[in-house]
Amino acid sequence: MKKTFTKVFADKNLPFIELRYSNSNAHYKKHFHSTFSIGVNKEGISTYTNSDKEYILDKNMISIMNPNAVHSCNSCSEIINEYYMLYIDKDWCKNIQKSINSEVEEFVHVNEHILKDDKFYIEFLNLCEQLFSEISYNDKEDELINFFIKFFSLYIKEDSIEVVDAKFEKIVAYLDENYKDNISLDELAKMFELNPFYIIRLFKSQMNLTPHSYLLNVKINRAKELLKKSYSIVDTALECGFFDQSHFHKNFLKIVATTPKEYRLNFVQ
């Protein structure tokens with residue numbers, strides 16, 4: 001019999017989420033959470049009930065639970081369920097929703113109990129793996145922001161009004177000048193006396209990027225310049241403020257679609 005396990009991710013720097021990764025065929029009574037919650041089966045099939053409606057939860061499906069929705073999710077096959085459940089603070093979700101549409105004042109309930117979408121299923125699995133990985137909490141926060149902007153945009157009409165603020169150019173200039181530092185969203189918010197979610201909304205409106213994604217792009221553009229000048233990969237990673245070569249390699253590949261080594265070889269004579 002496969003050994004059962006439960007792993008929980010929680011981080012004081014990301015107090016608005018908790019992620020559970022478990023395999024179990026235990027059956028749960030109907031219950032509710034004060035958080036907004038979503039989950040997937042990595043292995044196995046479940047009978048999922050939500051608000052007296054019953055579904056079969058299989059791969060490529062995401063279960064969705066609004067705050068205080070009465071639900072249960074129990075295995076209905078001989079395969080031991082292996083699943084992720086992510087619990088997210090309702091107010092954090094509301095602020096992400098507000099970055100999509102400025103008219104949002106209270107958390108907007110999602111009007112579906114299941115999302116059947118191969119792409120979102122894979123993206124959610126990747127998000128969960130990133131949260132359990134050794135990347136920085138800034139990177140994890142950015143992964144969460146990017147995922148949930150895309151997720152909630154399925155259910156909330158995007159605001160067409162451009163957000164304009166004189167501080168935007170100052171923030172961009174600061175990030176351009178201090179790209180070596182791994183500046184957090186909270187640090188930016190304190191420095192420029194703005195709400196962190198307003199900064200997200202501002203960058204989304206002006207660049208369709210999060211502030212952290214913008215900073216990573218600045219780092220990678222500088223890295224490309226150094227690699228063209230035959231800097232070593234190690235020195236380039238350090239010069240651009242990456243934690244280590246792995247962190248550099250992953251982000252370079254994601255943005256440039258080639259590895260730092262392959263890119264550098266094009267310019268080394």
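Quick one: which residue in Asp176, Asp165, Asp181 is surrounded by fewer than 17 Cβ atoms within 10 Å (Cβ to Cβ), touching a Leu at 6+ places or on another chain (Cβ under 6 Å) and touching a residue at least 24 places away in the same chain (Cβ under 8 Å)?
Working: Asp176 fails: touching a Leu at 6+ places or on another chain (Cβ under 6 Å); Asp181 fails: touching a Leu at 6+ places or on another chain (Cβ under 6 Å).
Going through Asp176, Asp165, Asp181 in turn, just one is surrounded by fewer than 17 Cβ atoms within 10 Å (Cβ to Cβ), touching a Leu at 6+ places or on another chain (Cβ under 6 Å) and touching a residue at least 24 places away in the same chain (Cβ under 8 Å): Asp165.
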Can you tell me which residue in the range 191-236 is nearest to Arg264 (Cα to Cα), limited to those that are of a type in the set (Val, Ile, Thr) and in contact (Cβ under 8 Å) with a residue 24 or more places away in the chain? Ile233
Tell me, which residue of the range 227-259 that is charged (D, E, K, R) and part of a helix (DSSP H, G or I) is nearest to Tyr137 (Cα to Cα)? Lys250
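In the list Lys29, Lys42, which residue meets the criterion of being more than 26 Å from Phe203 (Cβ to Cβ), outside the structural domain of Gly241 (by TED's automatic domain parsing), among the charged types (D, E, K, R) and in a loop (DSSP other than H, G, I, E, B)? Before the answer, list the steps.
Details: Lys42 fails: in a loop (DSSP other than H, G, I, E, B).
The match here is Lys29.
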Of those in the range 163-203 that are closer than 18 Å to Asn221 by Cα and of a type in the set (Ser, Thr, Tyr), the residue modelled with the highest pLDDT is Tyr174
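For residues that are assigned to a loop (DSSP other than H, G, I, E, B) and hydrophobic (A, V, I, L, M, F, W, C), scanning just the range 75-114, find the one that is nearest to Lys3 (Cα to Cα). Steps first, answer last, please.
Initially, the range 75-114 is screened for residues assigned to a loop (DSSP other than H, G, I, E, B), giving 76-80, 89, 101-113.
From the residues that got through so far, the ones that are hydrophobic (A, V, I, L, M, F, W, C) too are 76, 79-80, 104, 107-108, 110.
On the way: Cys76: 19, Ile79: 12, Ile80: 10, Val104: 45, Phe107: 39, Val108: 39, Val110: 35 Å.
Only one residue fits best here, namely Ile80.
Could you say which residue among Glu158, Glu123, Glu141, Glu129 is outside any strand (DSSP E or B) and farther than 24 Å from Asn208 by Cβ? Step through it out loud before you land on a result.
Numbers: Glu158 fails: farther than 24 Å from Asn208 by Cβ; Glu123 fails: farther than 24 Å from Asn208 by Cβ; Glu141 fails: farther than 24 Å from Asn208 by Cβ.
Sole residue among the options that is outside any strand (DSSP E or B) and farther than 24 Å from Asn208 by Cβ: Glu129.
The values are calculated or read from the model by the stated rules, or taken from the named source; none is laboratory data. Given the structure is predicted, the values throughout are model-derived calculations rather than measurements. Please note: Cβ atoms are built from the backbone with ideal geometry, for glycine as well, and neighbour counts cover all protein chains shown.
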